[in-house]
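These notes are about the structure you will find just below.
Nothing in this text is a laboratory measurement; each read-out follows from the coordinates by a stated rule. Here the structure is a predicted model, which is why all the values come from computation and not from measurement. All Cβ positions, glycine included, derive from the backbone under ideal geometry; neighbour counts span all protein chains shown.
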Amino acid sequence: MIRDRRSGGDRRKAERFETNIEIEWEGLIGKRKGIITDISTTGCFILSSGEVEDGESVKIFFPLTDGRKAQFWGEVVNHVYEIGFAIRFVELTEAQKEFLEIFVDTLRND
């Protein structure tokens with residue numbers, strides 16, 4: 001059964017912005033690569049063929065300009081087999097919230 005990721009009760013209310021950011025993520029199946037295709041201050045959608053389940057916790061490793069990576073925790077709120085999954089960011093620190101706000105503002109102004 002193919003699910004439409006646009007349906008369901010957990011649609012993000014925060015404004016989304018298209019992007020194309022290569023990231024790594026880690027879930028129950030281990031570390032995988034993916035691409036963030038849209039992002040908001042509350043979550044993002046990741047193109048990746050790695051299998052996840054709704055409700056699963058994943059770590060996102062977001063690349064920084066200095067070569068380091070910022071780590072974020074997320075909960076899978078929707079997935080489409082072999083295409084990707086949406087996460088809601090969880091347990092954000094104040095620094096992580098500020099990072100996301102600044103990043104989203106740069107996309108808003110482009």
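For the chain, what is the mean residue ellipticity at 222 nm derived from helices alone (per DSSP H run of n ≥ 4: -39500 (n - 2.57); sum divided by total residues; nearest 500 deg cm²/dmol)?
Computed ellipticity for the chain at 222 nm equals -4500 deg cm²/dmol.
For GLU101 and GLU51, what is the calculated FRET efficiency with R₀ set at 35 Å and r taken between the beta-carbons, to the nearest 0.05?
0.65
For the cross-link pairs LYS31/LYS97; LYS33/LYS69; LYS13/LYS33, which exceed 22 Å when the distance is taken from alpha carbon to alpha carbon?
Violating the 22 Å Cα-Cα cut-off are LYS31/LYS97; LYS13/LYS33.
Cα gyration tensor of the range 14-67, axes a ≥ b ≥ c as square roots of the eigenvalues: rounded (a/c below 1.5), prolate (a/b > b/c) or oblate?
It is oblate, given that a/c is not under 1.5 and a/b is not larger than b/c.
How big is the dipole moment of the chain about its Cα centre under a simple scheme where the beta carbon of each Lys and Arg is +1, that of each Asp and Glu is -1, and everything else is neutral? Debye, nearest 20, please.
That gives a dipole near 120 debye.
Can you give me the angle between helix 94-108 and the longest principal axis of the chain, using Cα atoms only, in degrees from 0 to 90, rounded to the nearest 10?
Here the helix axis deviates by roughly 90 degrees.
Label LYS59 and GLN71 with points 7 Å out from Cα along Cα→Cβ: what is the distance between them in nm?
Here the modelled spin labels are 0.3 nm apart.
Quick one: among THR65, THR93, THR41, which has the greatest mean-square fluctuation in a GNM of the chain with alpha-carbon springs under 10 angstrom?
Comparing THR65, THR93, THR41 in a Gaussian network model of the chain, the most mobile one is THR65.
Compute the label zone of ASN20 within the range 38-54: residues whose backbone N is under 17 Å from the point 7 Å along Cα-to-Cβ.
Only 38-39, 45-48 pass the distance filter.
Checking the a/c ratio against 1.5 first, then a/b against b/c, what shape does the Cα gyration tensor give for the range 64-110?
Prolate, because a/c is 1.5 or more and a/b exceeds b/c.
Taking the chain as a Gaussian network, where each spring joins two C-alpha atoms under 10 Å apart, which residue of LEU28, LEU47, LEU100 fluctuates the most?
LEU28
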